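Worksheet: one structure, shown below.
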Amino acid sequence: MVAANNDKLTMTLSSKGQVVIPKAVRERLGLHAGDVLEIEEQGDALLLRVRHESPTALRERLFGPPVPLESLVGMFADRVPPGMRGLSMAEMRRVALADFAQRWRAKEEAAKADDDHDDVIDEGDEP
């Protein structure tokens with residue numbers, strides 16, 4: 001529970017040791033679920049500080065360190081059907097790039113079609 005007294009906010013500590021930061025404060029500070037806050041004790045007070053992480057540090061904290069593609073070579077060799085060979089690194093990159101390019105073009109075409117559709121005026125509409 002949050003209450004305002006003389007421009008100060010008070011919050012009640014839950015049985016699980018949790019407090020709710022008021023929505024107005026979260027919005028003003030740009031806080032979102034999953035953001036990391038540092039707590040510093042200052043005598044009988046607590047200071048909460050937003051820990052700003054780079055996108056790389058956040059990704060590594062959430063998903064672990066990056067794995068080089070080369071380390072995956074051969075990992076699924078036992079799943080390749082008999083008579084088929086695995087792809088080289090160059091072939092994998094070429095296939096991945098072609099797939100990305102195809103998806104990008106499809107996305108761009110869909111966006112253009114949406115834009116073109118927005119420009120169409122029905123015959124009975126006034127310009």
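Is segment 2-50 best put as rounded, prolate or oblate by its Cα gyration tensor, with a ≥ b ≥ c the root eigenvalues, rounded for a/c under 1.5, and otherwise prolate when a/b is larger than b/c, oblate when not? Note, shape of segment 2-50 comes out rounded.
Pop the C-beta distance of residue 11 and residue 51 into the FRET formula with R0 = 22 Å and round what comes out to the nearest 0.05.
Numbers: r = 20 Å, r/R0 = 0.92.
Once rounded, the FRET efficiency stands at 0.65.
Taking Cα centre as origin and charging only the Cβ of basic (Lys, Arg, +1) and acidic (Asp, Glu, -1) residues, the dipole magnitude of segment 41-106 rounds to 420 debye.
Roughly how large, in nm² to one decimal, is the mean projection of the convex hull of the alpha-carbon atoms in segment 30-118? The partial results should precede the final answer.
Details: hull surface 48.2 nm².
That works out to 12.1 nm².
Computed over segment 2-50, relative contact order equals 19 percent, with contacts defined as Cα pairs under 8 Å that lie 6+ residues apart.
Computed from the coordinates by the stated procedures, all read-outs in this text should not be read as laboratory data. Given the structure is predicted, the values throughout are model-derived calculations rather than measurements. Don't worry about glycine lacking a Cβ; one is built from the backbone with ideal geometry, like all the others, and counts go over all protein chains shown.
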